[in-house]
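A quick write-up on the structure given underneath.
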Amino acid sequence: MDGFFIVETIVKSFIVISVFATLAGLGTYAERKVLAYMQRRIGPSMVGPGGILQLVADMIKLFTKEDIIPQFANKPIFMIAPIISAVGAFAALAVVPFFPEFTLFGRTIRPILADVGVGVLYVLGVGGVCVLSPLLAGLSSHNKYALIAAARASMQLISFEVVTGLSLLSVIMMVGSLSLIDINSYQNTGLGGWLIFKQPLAFILFLISSFVETNRTPFCMTENETELIAGYGTEYSGMRWAMFFIGEYANMITASFLVSLVFLGGFNPVWFLPGGLMILLKVSFIFFLFLWTRAAWPHVRVDQLMGLCWKVLMPLAVLNILITGLVLV
């Protein structure tokens, strides 16, 4: 291991964390503007050009607010829960290849922190750890709304983790590798090589699961003002509440990259469009899809969501694996 590799890894880690933390903040601004446009409102417009500095004002407010811990809360667990959310969201980014390789000062730079060869398994594992964050937050808050939200979060996240794994299994069977780079390279034959056309059912299953695991409407059961106020985050304030927020939007960006890499051709060039531009367009489209559905679709009920998971999506995922196996044989 040479010194350049260590310096390169440290620099890339710093860039990934700082860029994605900024993008997570910009994601909140984009969501407020998109929702406002769809609801015939103006949205943030008073602070800075186009209201863009509203993001900075919100950050200053959150970082300087008093950190309140309820009297009867389990304080150590209450304090750790939001850290798990933020750390888990950024840890999942370690195996995601963001752009094609490029040359800098005579050296080939790979825009990925660690190509461990089992990137799909790593992402699923980190996603499983993130379930602990809402669970611990709800259990430790000494609040009935937070407790119900924690139970819902555990139920929906664990259930849809299975659907996510099964939907990716058919892709792995076709590619023969658990590496996200290999899955991206498998689709380098143009539009016809994109896995969305070879595995359309797996794409739909994975996309629905992504909505659930990022707590997005219409499949979000953990936050609902009419039932649970702010769910497991009801008793949180200031910086700790902001960490939940950063984790959620970082997860949305990660999910957008994964959908683009696994099903939409990744960062392979299309016609005259370079791969770097293509991946940005795809990720932006998937991220916009997260925002659009929040404005266009109502929440489903808890029983409807669980019924959808176990009675519809799970059998379809198993059927898709069987069909894929028969085709490959």
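The values are calculated or read from the model by the stated rules, or taken from the named source; none is laboratory data. Quick caveat: nothing in here was measured; it's all calculated off a predicted structure. Using ideal geometry, Cβ is built from the backbone for each residue, glycine included, and neighbour counts are taken over all protein chains shown. Accessible surface is based on the protein model in full, side chains and every heavy atom, while ligands, DNA and RNA are left aside. Shrake-Rupley method; radii C 1.70, N 1.55, O 1.52, S 1.80 Å.
The table that follows gives values for the structure above.
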quantity	calculated
Radius 9 Å from Cβ of ILE109, net charge of other residues (Lys, Arg +1; Asp, Glu -1)	+1
Accessible surface of the range 236-324, 1.4 Å probe, proportion on carbon and sulfur as whole %	77
For peptides 138-151, 288-301, sequence by mean Cβ density within 10 Å, most packed first	138-151, 288-301
Percentage of interatomic Cα-Cα distances in the range 245-329 larger than 22 Å	52
Interchain or long-range residues, amide H under 5 Å from ILE109's placed H	PHE102, THR103, LEU104
Accessible heavy-atom area order of ARG216, ARG41, ARG107, highest first, probe of 1.4 Å	ARG41, ARG107, ARG216
Sites excluded, GluC sites (Glu not before Pro) in DSSP loops with at most 11 other C-beta within 10 Å, longest stretch of the chain	67-224
Highest average packing first - 117-128, 189-200, 88-99, Cβ atoms within 10 Å	88-99, 117-128, 189-200
Of [x] -0.39, -0.96, -1.07; [y] -0.25, -0.74, -0.87; [z] -0.30, -0.90, -1.06, the label for log10 I(q)/I(0) by the Debye sum over Cα atoms at q = 0.07, 0.12, 0.13 Å⁻¹ derived from the coordinates	[z]
Under the Karplus curve 6.51 cos²θ - 1.76 cosθ + 1.60, θ = phi - 60°, whole-Hz ³J(HN,Hα) for the range 16-27, x wherever Gly or Pro sits	4, 5, 5, 5, 6, 5, 5, 5, 4, x, 5, x
Centre separation in Å (Cα based) which lies between the range 263-329 and the range 43-70	33
Under-5 Å amide H pairs with ILE229, H placed in peptide plane, nonlocal only	ASN224
Net charge, PRO44 excluded, C-beta distance under 15 Å - Lys, Arg +1, Asp, Glu -1	+2
The chain, accessible area per residue, ligands and nucleic acids excluded (1.4 Å, Å²)	49
Proportion of all alpha-carbon pairs of the range 1-99 beyond 15 Å (%)	76
Surrounding net charge for PRO274, when Lys and Arg each add one and Asp and Glu each subtract one, Cβ distance under 14 Å	0
